[in-house]
Every structure is written in structure tokens, then in C-alpha cells.
């Protein structure tokens, strides 16, 4: 370890925690990674990854001497001042964030004036204030608190951690901890937003809510394009050249999913409601996202009529390519709706099959794309895995029983698919 780089702790070795730990290790920090899941820690010690992320296994291996894995918080406390919390905050049934794991970590902290909690987990605005009250109530007021939200995109997370768009550091106390976090990220030369804790918390929620809004907006435009004969790809291209709008997140499809957008949009809507404000725009964003999945079923019914007894193949299950994350994946809703209409569903994903197995009751999981489409009356592309673009569509047509293909991501070459004998349905085209 460089003498200029202090050791840090990352509590939680899930997606955010593990990628963040690797980023710190690449900067030269020794990193103590703590998790209560003994099986996960054992996997990491063997060099096995609990999640799929391109390049992550190689990055962990390359920095193995600086990465230390343990189930004991005390080991991290002995070595590190900065304690990054990166545990899950999944949505509850009400839409609020479940902070039970965050609260458990805070409760386990000692009374100390040499340690600081640094919040990486996505939490509602006001969480930092509530934690400060709890620290004071429990006689731990000397411990400092910093908000440092993450902005990682699954599939390209290592690039995001190495080349962040910005680093947000929120601290109210004006003590050493905020300066230490700023110094930690300084070698990345990223734009720095140094602000108060509440604003730092809101930046993360607001950013994700805006991106989700952009996706729902282009999906609404796509639906109007289908009624008017316009092509949403051309529309998005023309819109994106406006520097005030930009090209990113203007890809029409069957809606957003994953661990961030659905959770953060819901959390911000709930936060506003709990504060007495009705956030009408986010209600529409959520509604449009759900309707996109129903439109896939409607397209199938347009060509097949009743889906009772029909065999439907789903290509892709993860919420996006280059990840095995099934959280809020469109495939979950789509498979359930198809089964509810009486269809039999067979599916294939090159990475997320095992993660999907326990989540998709009644869905037959295939080991290849060609196996998935065999005997299918219709095919739906759900996830834009590169291998699907490379398929021999004539071979696919020979294996399928029907000729309907719905491209839920506008990912395929429609002309090639039609040339193979399929009826091609995109989104907004």
C-alpha cells in the first residue's frame, strides 16, 4: 500500500460494495470488505464472484493483496477510519426504502471519535439526519457521518468507478471525515460536488428519477409513433442531437428495471408524499413503465389471437445485458402476464438463468437460444445480449413453429429478421 493511501472499510459486498472496494484497491488503498454472509465471504476468498459484472473477477484477482474479506466488523474498525456502508435498501411494500440493514450496521458501530460512517447505500433524504440523532441518543455523537452516493451502471460499473462523472460528498459537521473522503477520490480528478448531507442524498434520487422519466417519455413517444407511422429511432436520433436533451436514455423498449430506477423513483415519490407533496410526474413515469410490458402481450395477441395453449419464447431475462441482475426485470412481469393469458413460456439468458430459476415459477429455462425458440409460436426479445444480434435467423425460423417476433429493445436488424420469414414488431417503429 502506498504510504499516502489510508486503508478503508466497505461494509456489504454486494454490487455497490464489491465494485467500490475494487475501485479503492486500484487506487492503492488496502480495503477491508465486511459482510454478514459467511458463504459470500468464503466465495470471495476463493476468488469466486457473487455477482456477474464484466471484468470484475479479473480486477479482484489483480488487487487481491489489497482486498481483505471478513465477517467481523471489528477487524475493519482496527484498521480503518472511513467505514463505507454499502448494504441493500430494497423497497418495502409501501414503496419506502427498507433501512433495516443500514440501521443494523449503525447499531453495531462503537462510540468513537476516530471513525466515520460514509453512506454509499441509496437512502431517502433525511436518513443522515436520523442517523445523527440515533448516534447522539446512543452515546456515539463523536462519530462523524458523510453521504457519498454511488452512480454505478451495471455492465459498465468498473469504468464508472474509474472514471466517474462526478463525486458527491455531503457533510454537515465540517470535521475531518468529509475532507478525508474528498482526498480519497482526488486521484480520479472527477468533478466534485461538496454539499450538505440532505442535498447529497437528494442528488442520487433526483438523478435516477430524471433518467427514468426520460425512458418513460421516449416510450410514450414510441407508442404515438406506432399510431402515426413515425419511426422512434429516427425521432430519438433527431432529439438527441439537441445538446439540451442528449442522446442517452432515449432508447424505446419495454421499460426500465434493475436495482436502482424502480426503487429510487418509488422512494422519491414516497418521500414527496410523506412530506405532503404529490409528485404527479413520477406517478406517470411508473405507470408508463408498467404499461410497456402489457403492450408486448397486446402485440402478441394482435397476431396470434388468444394466447391459451400458445408457446412463447423469451430471449433474455436479466433487466439489461452484461449483468445477471433480475431485480425488477421486465421478463418477470412479462412471463407472469403470458402465463396468466394461458401461454406456455420457455426462456433463455446467457448469464442470468440460475438467478431466474427461483423467480419464474412454471417457466421452462433453456440452455441455448435455439432450444428456447424450438416449437415457439412467437418469440420476444427481452434483453439486448450481443449473441442474439448474431443469431442465424433462418435457423431460428426453421426451429420455431410460428413467425411472430417482438423485439422489445429495438435491438435486432428488422430487415434481416423479416428476410428470414418472420413478422417483425419493434417498439415505436
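The values are calculated or read from the model by the stated rules, or taken from the named source; none is laboratory data. Since we're looking at a predicted model, the values are computed, not measured. Don't worry about glycine lacking a Cβ; one is built from the backbone with ideal geometry, like all the others, and counts go over all protein chains shown.
Residues that are surrounded by fewer than 14 Cβ atoms within 10 Å (Cβ to Cβ) number at least 3 in the following helices (runs of 4 or more DSSP H) confined to the stretch 137-249: 197-228, 232-240. In the set 336, 321, 366, only one residue is more than 21 Å from residue 253 (Cα to Cα) and either at pLDDT 95 or above or surrounded by fewer than 19 Cβ atoms within 10 Å (Cβ to Cβ) (or both); that residue is 366. All of (1) assigned by TED's automatic domain parsing to the domain that holds residue 113; (2) under 20 Å from residue 122 (Cβ atoms); (3) at pLDDT 95 or above hold for residue 209 with one exception: (1). Here the helices (runs of 4 or more DSSP H) wholly within the stretch 258-377 that include at least 3 residues being closer than 25 Å to residue 428 by Cβ, more than 16 Å from the chain's Cα centre (by Cα) and outside the structural domain of residue 152 (by TED's automatic domain parsing) are 280-304, 330-340. Only one entry in 60, 10 is within 22 Å of residue 121 (Cα to Cα), in contact with a strand residue (DSSP E or B) (Cβ under 8 Å, 6 or more places away or on another chain), surrounded by fewer than 23 Cβ atoms within 10 Å (Cβ to Cβ) and at pLDDT 95 or above, namely 60.
Consider residue 293 carefully, then state whether it is without any contact (Cβ under 8 Å) to a residue 60 or more places away in the chain, closer than 23 Å to residue 322 by Cα, in contact with a helix residue (DSSP H, G or I) (Cβ under 9 Å, 6 or more places away or on another chain) and surrounded by 19 or more Cβ atoms within 10 Å (Cβ to Cβ). Give the steps one after another, and end with the answer.
On the way: without any contact (Cβ under 8 Å) to a residue 60 or more places away in the chain: yes; closer than 23 Å to residue 322 by Cα: yes; in contact with a helix residue (DSSP H, G or I) (Cβ under 9 Å, 6 or more places away or on another chain): yes; surrounded by 19 or more Cβ atoms within 10 Å (Cβ to Cβ): yes.
Spelling it out, residue 293 is indeed without any contact (Cβ under 8 Å) to a residue 60 or more places away in the chain, closer than 23 Å to residue 322 by Cα, in contact with a helix residue (DSSP H, G or I) (Cβ under 9 Å, 6 or more places away or on another chain) and surrounded by 19 or more Cβ atoms within 10 Å (Cβ to Cβ).
Being in the same structural domain as residue 188 (by TED's automatic domain parsing), more than 24 Å from the chain's Cα centre (by Cα), outside any strand (DSSP E or B) and under 18 Å from residue 187 (Cβ atoms), is that true of even one residue in the stretch 57-65? Yes - at least one qualifying residue is present in the stretch 57-65. Exactly one residue out of 121, 112, 101, 94 is modelled with pLDDT under 95 and within 22 Å of the chain's Cα centre (by Cα), and it is 94.
Within the stretch 38-48, does at least one residue satisfy the condition of being in a helix (DSSP H, G or I), touching a residue at least 12 places away in the same chain (Cβ under 8 Å), closer than 23 Å to residue 164 by Cβ and touching a helix residue (DSSP H, G or I) at 6+ places or on another chain (Cβ under 9 Å)? Scanning the stretch 38-48 turns up no residue that is in a helix (DSSP H, G or I), touching a residue at least 12 places away in the same chain (Cβ under 8 Å), closer than 23 Å to residue 164 by Cβ and touching a helix residue (DSSP H, G or I) at 6+ places or on another chain (Cβ under 9 Å). The set of residues from the stretch 1-33 being more than 24 Å from the chain's Cα centre (by Cα) and part of a helix (DSSP H, G or I) is empty.
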